[in-house]
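Heads up, the thing below is written out as structure tokens.
The values are calculated or read from the model by the stated rules, or taken from the named source; none is laboratory data. All of these numbers come straight from a predicted model, not from anything done at the bench. Positions of Cβ are generated from backbone atoms using ideal geometry, with glycine treated the same way; all protein chains shown enter the neighbour counts.
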Amino acid sequence: MSKLTDSISWRFVDFESLTTGELYALLQLRSEVFVVEQNCVFQDMDGADAQAMHLLGTLQGQLVAYARCFAAGVKFAEASIGRVITRDVLRGSGAGHVLVQQAIAQLSQHWGRQAIRIGAQARLESFYAQHGFVSSGATYIEDDIPHIEMLRSA
């Protein structure tokens, strides 16, 4: 990884422990990428944030990477990771890989080593495969974007 990705500070917290500033920053980043950049109108605030653990990666005081993690039984039968996102200026730096590694490690540390299921954008299938996720099922459309469920065994 790059020196830049080594400088990212990580925080893994439940919804109640998020500061107002952190909550605003994560919702703003999710909106910038998932709604504006991907030109996809969807309800990002889906009511699940309060049940999630939130992984925030900051660099020089700015949120640059984010994912939310769920215990088994909330989103899927297995534990899960979603809303995986890096700020556009970090793309290509390896920050996305560091984020996924951090999410897997934090989820495992918090709830124990276990299988993890994700609903990935289909175009990112090979990216997630590098982290041990294997396609499980047919491609489906969610919010006008092709997705695929992927499973990482314990």
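For V64, state whether it is under 21 Å from K3 (Cα atoms), free of Cβ contacts under 8 Å to residues at least 40 places away in the same chain and either of a type outside the set (D, E, K, R) or not in a strand (DSSP E or B) (or both). Step through it out loud before you land on a result.
Numbers: under 21 Å from K3 (Cα atoms): yes; free of Cβ contacts under 8 Å to residues at least 40 places away in the same chain: no; either of a type outside the set (D, E, K, R) or not in a strand (DSSP E or B) (or both): yes.
Judged against the criteria, V64 is not a match.
Take the conditions charged (D, E, K, R), closer than 17 Å to A52 by Cβ and surrounded by 20 or more Cβ atoms within 10 Å (Cβ to Cβ) and apply them to R83. Does it pass? Break it down into steps so the answer makes sense when it comes.
Details: charged (D, E, K, R): yes; closer than 17 Å to A52 by Cβ: yes; surrounded by 20 or more Cβ atoms within 10 Å (Cβ to Cβ): yes.
Yes: the conditions hold for R83.
What's the number of the only condition in (1) of a type in the set (V, I, T); (2) within 30 Å of G112 (Cβ to Cβ); (3) in contact (Cβ under 8 Å) with a residue 40 or more places away in the chain that T86 fails to meet?
The one condition T86 does not meet is (3).
Of the residues G73, G47, only one is more than 15 Å from the chain's Cα centre (by Cα), modelled with pLDDT under 95 and either more than 17 Å from R113 (Cα to Cα) or not acidic (D, E) (or both); which? Reasoning before the result, please.
Working: G73 fails: modelled with pLDDT under 95.
When all the criteria are applied, what remains is G47.
For the range 125-154, give me each residue that is surrounded by 12 or more Cβ atoms within 10 Å (Cβ to Cβ), under 20 Å from V41 (Cα atoms) and among the aliphatic types (A, V, I, L, M).
Result: I145, I148.
Being crowded, with 17+ Cβ neighbours inside 10 Å and assigned to a loop (DSSP other than H, G, I, E, B): is that true of F42 here?
The answer is no for F42.
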